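Working notes for the structure below.
The values are calculated or read from the model by the stated rules, or taken from the named source; none is laboratory data. In this text, all values refer to a predicted model and were calculated from it rather than measured experimentally. Here the Cβ positions follow ideal geometry from the backbone for every residue, glycine too, while neighbour counts run over all protein chains shown.
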C-alpha cells in the first residue's frame, strides 16, 4: 500500500502531466545537481589557522549562538549532520584557513598534505571539495590590500598563497574524481575616493597573470574570479569590480563568480545569467541573501532565489554553472542554517523544473502574452510541495520540517556541550 506522501505525489504527477511535464524525469535531473556547501557557516569564518586573528576584509558575522565548531573534527561532524538532512549528494567548500594540521604554516606555504584529512573524509562521505584562498584576516592584509598591494613583497606573498591554493584545488579534484572550483576573491579597496583607480587594477591584473601562469588539468581544477561592489572599509572603491573580473574571466577563460550580495541593492544576479552564459567559459554562483547590503543572510525561498532557479533551468545552464552557498549567521543554530539554505536552493531548482516550458515558450513566440501570464500565475499554486516531499522521502531525508527535530536533538547532545 502506498504512503500518503506517495499518493499525493502521484496525484501531483497527473496534474503536471497535463502540461507535458515529466515529474519523474525532473527528479532524476535534480539528483545530479551538486550544491557546494560552505564550511564557514559552521564556525563564523574563523578557520583553524590564525584563529586569534580578527575577522577582516569587510566581513562581519553577528550573533553568539552557542555551539560553533572549534576544531576540524567538530566542523566535519556538523557538516555530516547537515548533509544527512539534505537530499542529494553534494560538495563542501573550504577556505584555506580550514587546513587540518598541527603545523604552524603560513598561507603561501600551504600544501595538499595540510588538507589530507579533509580529502579522506570527503572520500568516506562521497563528497566533492571546492577551495578558496583566504586573502583576509591576516597581518599582511591589515591595510586592506593583497594582490593589488603597492608593496611588491606583500603582493608576492599573496600571489604565492593563490598559487598554492590552486595546487590544493587540483589535489582535491584528482583525489576525489570531482572537479574542484578554486575561487579567488580579494577585499582590496579604499574607504574613501582614490586619486588613481587604474594603478591598483593594473597590479591586480599582473598578479592574477602570475597566479594563473601554470596550466592545471581542468578535470581537476577550474579557476574562478569573484567581484564585489564594496565592503566595510572599502566603500568608495573596490579594485576587483564586476567589470574588472568579467573582462579578465572572459579574456582568460576563467569561471566568473556572481555573488548575490556583491552588487548594488537594486541589482539581481538572476538577470545576468543568460547574458553572461553566452560568453563565459562557465559561471560560479555564490547564493546568498543580502539585506540592505552584503550581509550574507541565510538563503530563503524568496523571489530572487526562485528567479535564479528559473534562469538556470530555462536556459539549460546547469551544466556550465557551479552553484555554491555563501552566508554566515551566528544568531541561529549553524547546522540549521546550512539545512535551510541548501534545501531552499534545491527547492528553487525543482520549482523551475516543474514549469510547462514548451507551452510558455510557444505562447511567448506567438505573442500570446495573456496565456504566458495566466499559465505562469496558475502554476504557482500547483502541488510542488507534494513533489518535494516525495523527493525527500525517496532520498532518505526528513520530510517537511521533520529535520528540525533532529537538529534540536543534535544541539542538546552535541552543540551545547561545547565550550566557548
(request) Sort through 50, 64 and tell me the only one that's modelled with pLDDT under 90 and touching a helix residue (DSSP H, G or I) at 6+ places or on another chain (Cβ under 8 Å). (result) 50
(request) Among the candidates 244, 263, single out the residue that is farther than 18 Å from residue 322 by Cα, out of contact with any strand residue (DSSP E or B) (no Cβ under 7 Å at 6 or more places or on another chain), surrounded by 15 or more Cβ atoms within 10 Å (Cβ to Cβ) and at pLDDT 95 or above. (result) 244
(message) Condition first: more than 22 Å from residue 166 (Cβ to Cβ) and either touching a residue at least 24 places away in the same chain (Cβ under 8 Å) or not in a helix (DSSP H, G or I) (or both). Now tell me which residues in the stretch 205-242 satisfy that.
(response) 229, 230, 231, 232, 233, 234, 235, 236, 237, 238, 241
(message) Residues to consider are 285, 255; find the one that is without any contact (Cβ under 8 Å) to a residue 60 or more places away in the chain and touching a strand residue (DSSP E or B) at 6+ places or on another chain (Cβ under 6 Å).
(response) 285
(request) Tell me, please, whether a residue that is modelled with pLDDT of 95 or more and in a helix (DSSP H, G or I) can be found in the stretch 125-135. (result) yes
(message) Just to confirm my filter: which helices (runs of 4 or more DSSP H) fall fully inside the stretch 315-418 and include at least 2 residues that are under 19 Å from the mean Cα position of the chain (by Cα), under 29 Å from residue 39 (Cα atoms) and touching a residue at least 12 places away in the same chain (Cβ under 8 Å)?
(response) 334-353
(message) Here's a check for you: in the stretch 166-204, which residue that is over 22 Å from residue 255 (Cα atoms) and in a loop (DSSP other than H, G, I, E, B) is nearest to the chain's Cα centre (by Cα)?
(response) 191
(request) Could you look through the stretch 181-204, keep only residues that are surrounded by 17 or more Cβ atoms within 10 Å (Cβ to Cβ) and out of contact with any strand residue (DSSP E or B) (no Cβ under 6 Å at 6 or more places or on another chain), and pick out the one that is farthest from residue 129 (Cα to Cα)? (result) 200
(message) Please verify whether residue 261 is closer than 30 Å to residue 69 by Cα, in contact (Cβ under 8 Å) with a residue 60 or more places away in the chain, part of a loop (DSSP other than H, G, I, E, B) and in the same structural domain as residue 95 (by TED's automatic domain parsing), treating the condition exactly as stated.
(response) yes
(request) Go through 149, 161 for me and flag whichever is more than 16 Å from residue 132 (Cβ to Cβ), crowded, with 23+ Cβ neighbours inside 10 Å and either in the same structural domain as residue 322 (by TED's automatic domain parsing) or in contact with a strand residue (DSSP E or B) (Cβ under 6 Å, 6 or more places away or on another chain) (or both). (result) 149
